Amino acid sequence: MKFNNICMVGLGYIGLPTAVVFALRGVNVIGLDINHRAVDNINHGKTHIVEPGLEDALRRTVAAGHLRATTLPEAADAFLIAVPTPLVVDEHIRDPDLTFVEAAARLIAPVLKKGDLVILESTSPVGATEQMAVWLAEERPDLTFPQTHGEESDIRVAHCPERILPGHALRELVSNDRIIGGMTPLCASRARALYKLAVEGDCIETDCRTAEMAKLTENSFRDVNIAFANELSLICDRLGINVWELIRLANRHPRVNILQPGPGVGGHCIAVDPWFIVSQTPEEARIIRAAREVNNAKPEWVLTKVHQAMAEHAAGADTPARIACFGLTFKPNIDDLRESPALNIAARLTELYPGQVDVVEPFIQDLPSGLEGKTRILRASDALSACDVLVLLVDHDDFKAMPAPAGKRIIDTRGVWTGRPS
Ligand code: SAJ
């Protein structure tokens, strides 16, 4: 059966590039979002998110009539849901919040018709796709769903987690392999047929619970491995060993591939998704929880290193030291500040040392609201002459291209200046 048109529900960091990629292949895409301004912008070919190449591609697909956005649900042959699945955080518990998935399911339910396919793309705890199907069924008792009618159901339901790297969305959406988790084998093969319209990577069919767990596993794998590198950085600091050299040497072993330490783990995925596993299986997920704790503790450790440097400076100087934070974004060469440990460290420093902190961030023109009025953005050369304590937080190429600053106290969380081979 052909897909005459598809509906992308949620036009954010994942949904908008996905909508564009399908539309670029000539599929008729309706983008559905509750944000009127975003919808308006998209219909004028303007993006509200920063992603290389996206605005240009969006403009072309809108002009060609293959993509249009709306705030009201319309009939389509397939619905792809990419809405946030945040964590509810209190002192002891971090649980996934499926409110947005539920709202999206109830929003599209009235326009569903026999033969439609509904795919959950949002990163989700195990069981979320089945739960989504229950919400759909509650709204549409006139239709049948896989949980009650298996392969005979009117509506097909699947989970297909997104796995793109922000900054490379358009390329990775097409080239990455996709895991297609159907509630039944027919659900999976129908979903596979849809993704094959745009995806050049392999589309591998499985069940929806395995697909949900696969996505959580990928990000937890990375988190655990970053935690290992971060733990090594603490151990090496205590033992007087250069951790960057150590990792370079250990990685010469053919079966060792240690990741890089940093000031902590940022972004909306790797610092969040492992908690979905811990929340469902707290007794068993011991390493995954420990990794989260190690990575979450890293910014505090960086702050103690800055305090030490400030105290050492104060012991030998008449004037208070100035601090320069190099980088605010959550990873290099992008302008994305989401859950950035660098931003968090810079903000804490401006509170602890008011009036003494400058920031160098080549990817940001205006200070984010938390830093407004508390610091200023300087060029690297000005910060180098104005500041005594340099805190390297992001490994932007611009910083890597600089010679290692001399005669300053340096806290280099990324090994950009102090980790180079001698
Ligand atoms: N980081 C380190 N050391 C490293 C690698 C990363 O400290 O050696 C830090 C980064 O600086 C950053 C954080 O980890 O703060 C996360 O960055 P990332 O580049 O590892 O990943 P994200 O969050 O941009 O995207 C991840 C990707 N998942 C994996 O690589 C397994 C991406 O493929 C997923 O689609 C995305 O999460 C997502 O949406 O879940």
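Summary of values
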read-out	value
Contacts under 9 angstrom Cβ, first residue in the stretch 110-130 being in contact (Cβ under 8 Å) with a residue 60 or more places away in the chain and over 12 Å from MET183 (Cβ atoms), partner acidic (Asp, Glu) and more than 16 Å from the ligand (Cβ to nearest atom), 6 or more apart	GLY115/ASP77; GLY115/ASP154; PRO125/ASP95
Of all residues making up the stretch 401-421, the number that are open to solvent by 30 Å² or more (accessible area, probe 1.4 Å) and under 21 Å from SER340 (Cα atoms)	2
Given (1) surrounded by 16 or more Cβ atoms within 10 Å (Cβ to Cβ); (2) outside any helix (DSSP H, G or I), number of the condition MET213 does not satisfy	(2)
Members of the stretch 162-178 that are over 18 Å from LEU80 (Cβ atoms) and either in a helix (DSSP H, G or I) or touching a helix residue (DSSP H, G or I) at 6+ places or on another chain (Cβ under 7 Å) (or both)	LEU165, ARG171, SER175
Failed item, numbered, when VAL294 is tested on (1) crowded, with 20+ Cβ neighbours inside 10 Å; (2) touching a strand residue (DSSP E or B) at 6+ places or on another chain (Cβ under 9 Å)	(2)
Any hit, the stretch 390-398, residues being part of a loop (DSSP other than H, G, I, E, B), more than 27 Å from GLU293 (Cα to Cα), in contact with a helix residue (DSSP H, G or I) (Cβ under 8 Å, 6 or more places away or on another chain) and open to solvent by less than 40 Å² (accessible area, probe 1.4 Å)	no
The stretch 179-198, residues that are open to solvent by 10 Å² or more (accessible area, probe 1.4 Å) and either within 13 Å of the ligand (Cβ to nearest atom) or outside any helix (DSSP H, G or I) (or both)	ILE179, MET183, THR184, LYS196, LEU197
Qualifying residue in the stretch 86-104 (condition: of a type in the set (Gly, Ala, Ser), at pLDDT 95 or above and over 30 Å from VAL134 (Cβ atoms))	no
Residue match in the stretch 26-45 (condition: within 16 Å of the ligand (Cβ to nearest atom), touching a residue at least 24 places away in the same chain (Cβ under 8 Å) and of a type in the set (A, V, I, L, M))	no
Residues (crowded, with 21+ Cβ neighbours inside 10 Å and either free of Cβ contacts under 8 Å to residues at least 60 places away in the same chain or away from the ligand (no atom under 12 Å from the Cβ) (or both)) located in the stretch 156-177	ARG156, VAL157, ALA158, HIS159, CYS160, PRO161
Total residues in the stretch 146-161, condition assigned to a loop (DSSP other than H, G, I, E, B) and either out of contact with any strand residue (DSSP E or B) (no Cβ under 7 Å at 6 or more places or on another chain) or more than 14 Å from GLY182 (Cα to Cα) (or both)	2
Counted residues, the stretch 270-305 - those being in contact with a Pro (Cβ under 9 Å, 6 or more places away or on another chain) and not in a helix (DSSP H, G or I)	3
Matching entry among THR329, THR304 (being open to solvent by less than 10 Å² (accessible area, probe 1.4 Å), at pLDDT 95 or above and closer than 27 Å to PRO405 by Cα)	THR329
Inter-residue pairs, beta-carbon under 7 Å, first over 14 Å from LEU384 (Cα atoms) and modelled with pLDDT of 95 or more and in the stretch 349-362, second open to solvent by less than 40 Å² (accessible area, probe 1.4 Å) and hydroxyl-bearing (Ser, Thr, Tyr), 6+ apart	THR350/THR375
Single residue of the stretch 231-278 satisfying the filter (surrounded by 17 or more Cβ atoms within 10 Å (Cβ to Cβ) and more than 22 Å from VAL394 (Cα to Cα)) that is nearest to the ligand (Cβ to nearest atom)	ASP273
All positions within the stretch 109-135 that are part of a helix (DSSP H, G or I) and either within 16 Å of the ligand (Cβ to nearest atom) or surrounded by fewer than 22 Cβ atoms within 10 Å (Cβ to Cβ) (or both)	ALA109, PRO110, VAL111, ALA128, GLU130, GLN131, VAL134, TRP135
Positions within the stretch 325-367 being within 13 Å of the ligand (Cβ to nearest atom) and not in a loop (DSSP other than H, G, I, E, B), in sequence order	PRO341, ALA342, LEU343, ASN344, ILE345
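The values are calculated or read from the model by the stated rules, or taken from the named source; none is laboratory data. A quick note: this is a predicted structure, and the numbers were derived from the prediction, not measured. Glycine also receives a Cβ, built like all others from the backbone with ideal geometry; neighbour counts cover every protein chain displayed. Keep in mind that these areas ignore ligands, DNA and RNA; they rest on the heavy atoms of the full protein, side chains included. Shrake-Rupley method; radii C 1.70, N 1.55, O 1.52, S 1.80 Å.
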